[in-house]
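Attaching a single structure in structure tokens format; questions to follow.
The values are calculated or read from the model by the stated rules, or taken from the named source; none is laboratory data. Note that this is a predicted model, so its numbers are computed, not measured. Backbone-built Cβ (ideal geometry, glycine too); neighbour counts: all protein chains shown. Accessible surface is based on the protein model in full, side chains and every heavy atom, while ligands, DNA and RNA are left aside. Shrake-Rupley method; radii C 1.70, N 1.55, O 1.52, S 1.80 Å.
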Amino acid sequence: MSGKDRTDDPIVRFSGVRKSYDGETLVVRDLNLDIVRGEFLTLLGPSGSGKTTSLMMLAGFEAPTEGTISIGGKDVTALPPYRRGIGVVFQNYALFPHMTIGQNVGYPLRVRGAAQADIDKRVVEALEMVELGAFADRRPAQLSGGQQQRAALARALVFRPELVLLDEPLGALDKQLREQMQYELKRLHEELKVTMVYVTHDQTEALTMSDRIAVFNDGGIQQLARPSDLYENPQNAFVAEFVGENNRLTGIVTGGSENGVYVDVGGGVSVHARPVGSFAPGDRTVLSLRPERIAVGKDGQWENDFTIEIDKVVYLGDVNRLLLRFAGGSEFAVRVANQGGGPVFQRGDSVRVAWRQSDCLAFPAE
Ligand SMILES: Nc1ncnc2c1ncn2[C@@H]1O[C@H](COP(=O)(O)OP(=O)(O)O)[C@@H](O)[C@H]1O
Ligand SMILES: [Mg+2]
């Protein structure tokens with residue numbers, strides 16, 4: 001990675017970090033990443049892409065095979081976890097079942113040798129912070145899943161670390177509780193001004209919560225950017241497909257310039273797209289087009305404007321999802337907001353669809 005991913009005075013710096021568990025396969029390959037003090041940074045990627053391994057190395061539970069990790073400018077690569085001053089909430093780093101919630105939350109302070117009066121006071125504060133003030137004397141098994149995760153969060157925050165790592169902490173919760181907890185985590189992040197490094201495979205969660213997102217695939221960062229930048233300007237087809245809903249069309253570049261290329265998607269259809277990278281006529285390309293950027297049934301003044309038959313209609317309540325198919329076989333989806341009283345779409349109907357050239361990205365085919 002180049003210098004542009006470096007910042008002044010980062011709280012965390014990964015430099016040339018590689019990890020292999022078996023001495024052969026690299027599950028993290030050349031990680032260079034600066035984490036900005038105070039930010040909410042998310043590592044987002046599919047299962048097995050190396051997110052947890054990266055976080056474990058930062059926490060000190062795994063050692064890098066190569067490279068260094070520093071915290072606050074100090075090389076911590078050889079330091080054990082308890083000397084790194086990091087709070088952790090891991091999916092499989094559960095509460096101690098035989099201790100009360102209060103004892104669980106006080107644990108990090110006890111191992112640090114704090115005085116009992118100080119522990120008692122801080123435990124109360126930490127439990128209040130996550131709205132579990134009334135639960136100090138219960139055991140973990142007497143709490144709901146959401147309450148247990150809040151207690152784990154209180155335990156991670158109780159010693160006021162500058163840096164908190166969270167690995168899929170909401171993975172086991174149902175949708176409503178997960179959304180509520182996302183909101184609470186963001187509130188705590190803002191109140192405490194703590195740096196949070198969050199791991200998830202859920203792109204919606206990442207988009208909602210993060211200041212920046214590092215998209216992981218195959219042991220490396222594909223792109224590191226703010227949520228809106230990631231969504232609007234993905235650097236490659238993987239990022240475009242992983243973040244947000246996406247139509248993927250394949251074709252051959254027939255001409256154009258660096259501002260716009262013409263792509264033959266089969267069946268005599270030519271699509272006008274915004275190139276990401278450079279293309280020559282004859283190059284294979286993957287087009288990325290967000291369903292919500294396709295206008296349906298309007299007079300298009302846009303570069304792409306087709307009348308096309310509906311292959312399938314899926315009713316989703318808030319939207320209708322139309323599946324359309326070009327004569328050459330390429331299929332894509334369109335989302336039409338259900339505002340009531342609108343046109344009723346049916347399979348076999350022809351509709352007019354249009355989209356801007358700038359909303360249709362052309363990536364080199366791998
Ligand atoms: N303790 C381990 N020993 C051997 N292989 C592991 C270990 N932990 C993870 N791996 C492997 O490393 C790769 C990355 O895993 P992980 O970092 O857990 O990814 P993620 O958190 O993105 O799902 C996977 O192929 C996984 O099977
Ligand atoms: Mg993981």
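Of all strands (runs of 3 or more DSSP E) completely enclosed by segment 1-115, which ones contain at least 2 residues that are within 16 Å of ligand 1 (Cβ to nearest atom) and surrounded by 18 or more Cβ atoms within 10 Å (Cβ to Cβ)? Show your work before the answer.
Numbers: elements: 12-19, 28-35, 40-44, 66-71, 86-90.
Strands (runs of 3 or more DSSP E) meeting the threshold: 12-19, 28-35, 40-44, 86-90.
Return the pair list, or none, for Cβ contacts closer than 9 Å from residues in segment 72-95 that are basic (K, R) to residues that are assigned to a strand (DSSP E or B), at least 6 apart or on different chains.
Close Cβ pairs (under 9 Å, with a partner that is assigned to a strand (DSSP E or B)) amount to R84/I71; R84/L163.
Okay, moving on. Out of curiosity, is G38 closer than 29 Å to Q182 by Cβ and in the same structural domain as L157 (by TED's automatic domain parsing)?
Working: closer than 29 Å to Q182 by Cβ: yes; in the same structural domain as L157 (by TED's automatic domain parsing): yes.
Considered against the rule, which asks whether it is closer than 29 Å to Q182 by Cβ and in the same structural domain as L157 (by TED's automatic domain parsing), G38 comes out as yes.
Another question, then. Can you tell me how many residues in segment 168-181 are touching a helix residue (DSSP H, G or I) at 6+ places or on another chain (Cβ under 7 Å) and surrounded by fewer than 22 Cβ atoms within 10 Å (Cβ to Cβ)?
4
A further question on this structure: What are the residue pairs meeting all of these: first residue in segment 51-66, first residue under 13 Å from G16 (Cα atoms), second residue near ligand 2 (Cβ under 9 Å from one of its atoms) and in a helix (DSSP H, G or I), Cβ atoms under 7 Å, and 6 or more apart or on different chains?
That search, which allows pairs on different chains as well, returns nothing.
Something else now. With the structure loaded, tell me whether E258 is open to solvent by 60 Å² or more (accessible area, probe 1.4 Å) and over 29 Å from the mean Cα position of the chain (by Cα) or whether it fails that test.
yes
Return yes or no: is V276 open to solvent by 20 Å² or more (accessible area, probe 1.4 Å) and in contact with a Leu (Cβ under 7 Å, 6 or more places away or on another chain)?
Details: open to solvent by 20 Å² or more (accessible area, probe 1.4 Å): yes; in contact with a Leu (Cβ under 7 Å, 6 or more places away or on another chain): yes.
Against the criterion (open to solvent by 20 Å² or more (accessible area, probe 1.4 Å) and in contact with a Leu (Cβ under 7 Å, 6 or more places away or on another chain)), V276 qualifies.
Further, regarding this structure: So V199 ticks every box in (1) more than 16 Å from ligand 2 (Cβ to nearest atom); (2) not in a helix (DSSP H, G or I) but one. Which box is left unticked?
All conditions are met except number (1).
Is there any pair linking a residue in segment 128-154 that is on the phi > 0 side of the Ramachandran plot to one that is modelled with pLDDT under 95 and buried (at least 19 other Cβ atoms within 10 Å of the Cβ), with Cβ under 8 Å and at least six apart or on different chains, and which?
From segment 128-154, the pairs are E131/R150.
Anything in segment 284-315 that is open to solvent by 40 Å² or more (accessible area, probe 1.4 Å), closer than 26 Å to F238 by Cα and in a loop (DSSP other than H, G, I, E, B)? List them, or say none.
Hit for segment 284-315 is E303, nothing else.
Output the residues belonging to segment 240-255 that are open to solvent by 60 Å² or more (accessible area, probe 1.4 Å) and either in a loop (DSSP other than H, G, I, E, B) or polar (S, T, N, Q) (or both).
First, the residues of segment 240-255 that are open to solvent by 60 Å² or more (accessible area, probe 1.4 Å): 241, 245, 248, 250, 252, 254.
Residues satisfying the conditions are E245, T250, T254.
Continuing with the same structure: Checking G48 against (1) within 16 Å of ligand 2 (Cβ to nearest atom); (2) on the phi < 0 side of the Ramachandran plot, only one condition comes out false. Which one?
Condition not satisfied by G48: (2).
Let me ask something else. Output the residues belonging to segment 182-210 that are open to solvent by less than 60 Å² (accessible area, probe 1.4 Å), farther than 25 Å from V76 by Cα and touching a strand residue (DSSP E or B) at 6+ places or on another chain (Cβ under 9 Å). Talk me through it step by step, then tell me what you get.
Kept after step one, since they are open to solvent by less than 60 Å² (accessible area, probe 1.4 Å), are these residues of segment 182-210: 182, 184-186, 188-189, 194-200, 202-203, 205-207, 209-210.
Retained after the next criterion (residues that are farther than 25 Å from V76 by Cα): 182, 184-186, 188, 202-203, 205-207, 209-210.
Answer for segment 182-210, where residues must be open to solvent by less than 60 Å² (accessible area, probe 1.4 Å), farther than 25 Å from V76 by Cα and touching a strand residue (DSSP E or B) at 6+ places or on another chain (Cβ under 9 Å): L185, K186, L188, D202, Q203, E205, A206, L207, M209, S210.
Looking at this structure, is K121 out of contact with any Leu (no Cβ under 7 Å at 6 or more places or on another chain), surrounded by fewer than 22 Cβ atoms within 10 Å (Cβ to Cβ) and over 23 Å from P10 (Cβ atoms)?
Numbers: out of contact with any Leu (no Cβ under 7 Å at 6 or more places or on another chain): yes; surrounded by fewer than 22 Cβ atoms within 10 Å (Cβ to Cβ): yes; over 23 Å from P10 (Cβ atoms): yes.
So K121 fits the description; yes.
Separate question: Only one of N233, N217 is within 15 Å of ligand 2 (Cβ to nearest atom) and polar (S, T, N, Q); which?
Details: N233 fails: within 15 Å of ligand 2 (Cβ to nearest atom).
Unique residue meeting the criteria: N217.
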